[in-house]
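**Student:** Mind having a look at this structure? Questions to follow.
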Amino acid sequence: MDLQQLLGGELGEQVTGLISNQLGIDQNQAQSAIGLALPTLLNALNKNASTEDGAAALTNAISNDHNGSGLGDLVGLAQNALSGEGGSILKHILGGSQDNVTNAISQNTGIGGGQASQVLQILAPIVLNALGNQSQATGGGINIANIAGLLNNFVGNHQEQAPQNQSIISSLLDQNHDGNVADDALKIGAGFLKNLFK
C-alpha cells in the first residue's frame, strides 16, 4: 500500500467526516478543503525533506511523536491538533506560506479563514502519522529514505494525474508570490480528490 492508498479509502472517509463534524461544515465543503490542503501539505513536506536539515527534522518529528499510532484515535488527534499542536506543525511545514494556503482554501470552499486554518491544523498530524505508519510498513522502521520515497512517489503520481495542479501548488507555497492564486487553485478541488480518495 502506498501513501495515496493509505490516505484514501476508509481513512479518507473518516477524515472527511471528522473535519465536517468538528468544524460544522458540510461534507462537500470538507472534501473540497481536503482536496486543496492535502496535496499542498504533502508537496511542502517533500520540499522540506529535500534538504539535510529538513529531512532530519521531519524524521525526528515522526519518530518521536507521529509514528502512526495516532491514526487509531482520529478524534483525539484532531482535538490535540486544535489545541495548538497542529499550528506548531504547520509553522514547520508551511512557514511563511501558511496564509497563502489558508486564504486559498477559504476563498475556494466558502468556509471562513478560521475554519480553513483548522482544516490544515487537523490534517497536519494525520499526514505525519500516515507517513510514520507507512514508513514502518515498508521495512526498516521510520527513516528518511522511506519517508522521502513515500513523498516522492506521491508527488510523482500527482504530477502524472494532474500536472496542471503542480504549478498551482507551487504558487501557493511561494510566500513571495504576489498574484492572485485563488482562482487557479479552484482547479485542484474535486478532480484531484477523486483520484486521491478512491
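Read-outs: derived from the displayed coordinates by stated rules, not from any lab. As the structure is a prediction and not an experimental result, all values here were calculated from the model. Here the Cβ is made from the backbone with ideal geometry for all residues, glycine too, and neighbour counts use every protein chain on show.
**Student:** Which distance in Å, rounded to a whole number, links the C-alpha centroids of region 15-30 and region 71-98?
**Tutor:** 16 Å
**Student:** What is the extension gain from GLU10 to HIS92, computed as 0.36 nm multiplied by their sequence separation minus the C-alpha to C-alpha distance, in nm to one decimal? List each step's numbers first, then the result.
**Tutor:** Values: separation 82, 0.36 × 82 = 29.52 nm, distance 2.81 nm.
Between GLU10 and HIS92, full extension yields an extra 26.7 nm.
**Student:** Work through the residues other than SER20 whose Cβ is under 12 Å from its Cβ and net out their charges, Lys, Arg +1 and Asp, Glu -1.
**Tutor:** After counting each charged neighbour, the total is -2.
**Student:** Using bins 5 angstrom wide from zero, how does P(r) for region 1-112 break down, in % of all Cα pairs?
**Tutor:** With a bin width of 5 Å, the distribution comes to 2, 10, 18, 25, 25, 14, 6, 1, 0.
**Student:** Just to be sure I understand the model, the point goes 7 Å from the Cα along the line to the Cβ. What's the resulting GLN79 to ALA57 distance in nm?
**Tutor:** 3.0 nm
**Student:** So what are region 55-137's ellipsoid semi-axes, whole angstrom, largest first, if each one is the square root of 5 times an eigenvalue of the alpha-carbon gyration tensor? Let's see the in-between values first.
**Tutor:** On the way: eigenvalues 108, 41, 21 Å².
Whole-Å semi-axes of the equivalent ellipsoid: 23, 14, 10.
**Student:** Arrange the peptides 110-117, 143-150 so that the one whose residues have, on average, the most other Cβ atoms within 10 Å appears first. Spell out each step's value before the answer.
**Tutor:** On the way: 110-117: 17.1, 143-150: 18.9.
Result, highest mean first: 143-150, 110-117.
**Student:** Return the whole-Å distance between the Cα centroid of region 33-59 and the Cα centroid of region 99-143.
**Tutor:** After rounding, the separation between the Cα centres reads 10 Å.
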